[in-house]
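The values are calculated or read from the model by the stated rules, or taken from the named source; none is laboratory data. All figures in this text were calculated on a predicted structure; none of them were measured in a lab. Cβ placement follows ideal geometry from the backbone for every residue including glycine, while neighbour counts extend to all protein chains displayed. Please note that ligands, DNA and RNA were not included when accessible areas were found on the heavy atoms of the full protein model with its side chains. Shrake-Rupley method; radii C 1.70, N 1.55, O 1.52, S 1.80 Å.
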Amino acid sequence: MSITAVPLKPVKRRILVYLWIGIALAVVAAAALAMQTPIDPTTAFLATNARAKGVLTTPSGLQYQVLTPGKGVGPTDEDIALINYEGRLVDGTVFDKSQQPTPIPVVASNPETGRQGVISGFSEALKLMSKGAKYRVWIKPSLGYGEKDQGVIPPHSTLVFDLELLEFIPESTYRQIQQQQQMMQQQQQQRGGGAGLPPGALPPGAEAQPGGR
């Protein structure tokens, strides 16, 4: 079986010159348009940060770096996590920092159901961790406060958190411990016991939720 080659008519040199000139003008126009288009600083920062050594990105766009790996399984939405944390903006401004190990709900807030929790990026980060782990996470605006103004946190801010997961227990167990402590404090006060008991298994501060105010 043979294939018969069909000769092509030669293209005139003048046409080729015009063709190359057209291509060159299109490239220049595209470059000029790109230079005129403003670059979103958040997008630029996250794109650069994603290429940094050790930084991983989840399908949602959460970026994280494992500083110290933990052991065992991680918490779920039904747990309260005991953590140390520091939250700051990308310029280094610290907007929140734990003074002691702080209990934080793992679940994300849900306006539709009224469920109180933390911002979605913070919740996702906690569920990636296990006991003893230390992570640095970068939470883009859509996983944080978005366009909301949080005072020291401007709208459309990327949040940077250093997290250490010390322990976690089911939320139901944590609530039982709280109730038992309150009952014991009330009993002591009724008996003239003074100021009551200090915090027990978990320190106070469940209301102080970074990213979930």
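At-a-glance table
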read-out	value
Approximate spin-label separation VAL66-GLN150, in nm, with each point projected 7 Å along Cα-to-Cβ	2.7
FRET efficiency estimate (nearest 0.05) - Cβ-Cβ, LYS53 to LEU166, R0 30 angstrom	0.65
Residues GLN187 and LYS97, FRET efficiency given R0 of 35 Å [Cβ-Cβ distance, rounded to 0.05]	0.50
Linear extension gain, ILE23 paired with GLN116, 0.36 nm per residue minus alpha-carbon span	27.8 nm
Residue-span extension gain [THR42 to VAL90] - 0.36 nm each, minus C-alpha spacing	16.3 nm
Share of carbon and sulfur in the accessible heavy-atom surface of the range 58-143 [1.4 Å probe, %]	50
